[in-house]
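Heads up, the thing below is written out as structure tokens.
The values are calculated or read from the model by the stated rules, or taken from the named source; none is laboratory data. Just so it is clear, the structure is predicted and the values come from calculations on it, not from any experiment. All Cβ positions, even for glycine, are placed from backbone atoms using ideal geometry, and neighbour counts span all protein chains on display. Note: areas computed on protein heavy atoms with side chains; ligands, DNA, RNA excluded. Shrake-Rupley method; radii C 1.70, N 1.55, O 1.52, S 1.80 Å.
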Amino acid sequence: GARARMAIQLNDGLRAALRLGELDLCVNAMDDGELDGLQQEPLFDDALCVVVRDDHPLLARPDLRLAHLAQAQWALPRVEVLARRRVEARFAEQGLPPPDVVLELDSSITLAATAVRHSDLLSVMSRFSLRQPAGQGLTAVPLDSATWQRSVGMVTRTGAYQSPLTLRDLEMLRETAQSVAASPAGRSG
């Protein structure tokens, strides 16, 4: 007799719905700092990386640098989204202008995969997603400066009531994350 609702959105939208009580929990990349009124619990580590289509001209550059990525056009989420903020911060650290975003995303970042596969656009995707069907035909740009280590975790409202169904969901997420981390595929990154 239990009913559940699942929403797939970027982290800013999920957290807003969580704060409004529209969701009881969300799973997404964890913010580096504290989130007012929310608590984060890490589940597993992953990397966010810049991706291009498998035969993108940038991959043939022997001298590839972050400055070359700054000259390209991008498909990225809104500026409020953590992934976009990380890309812009890395560019700023290197004294580069922000990416030229010509396709702005407002739902899942993996939806950009089709556009990236059929164009010269750059985007970001988690290494985990890159290994899934959504990542077929895409390659991570081979630059350490185009990769961000991150934790993915559960986010809940601090002190909020958690129904038995939500508590069971949290428990299953922890168990799944532990079993994936213990598997050979989980340990290889």
His56: passes all of (1) within 14 Å of the chain's Cα centre (by Cα); (2) more than 30 Å from Thr176 (Cβ to Cβ); (3) not small (Gly, Ala, Ser) but (1)
Could you run through the stretch 127-143 and say how many residues are over 15 Å from the mean Cα position of the chain (by Cα) and outside any helix (DSSP H, G or I)? 7
Do we find that Pro62 is closer than 20 Å to Gln149 by Cα, at pLDDT below 95 and either open to solvent by 20 Å² or more (accessible area, probe 1.4 Å) or not β-branched (Val, Ile, Thr) (or both) in this structure? no
Go through the stretch 1-32 and count every residue that is part of a loop (DSSP other than H, G, I, E, B), free of Cβ contacts under 8 Å to residues at least 40 places away in the same chain and farther than 21 Å from Leu76 by Cβ. 7
Say whether the condition of being at pLDDT below 90, within 18 Å of Ile8 (Cβ to Cβ) and either open to solvent by 70 Å² or more (accessible area, probe 1.4 Å) or touching a His at 6+ places or on another chain (Cβ under 7 Å) (or both) is met by at least one residue in the stretch 133-148. no
Quick check on the stretch 103-126: of everything there that is assigned to a strand (DSSP E or B) and within 23 Å of Ala60 (Cα to Cα), which residue is modelled with the lowest pLDDT? Ser126
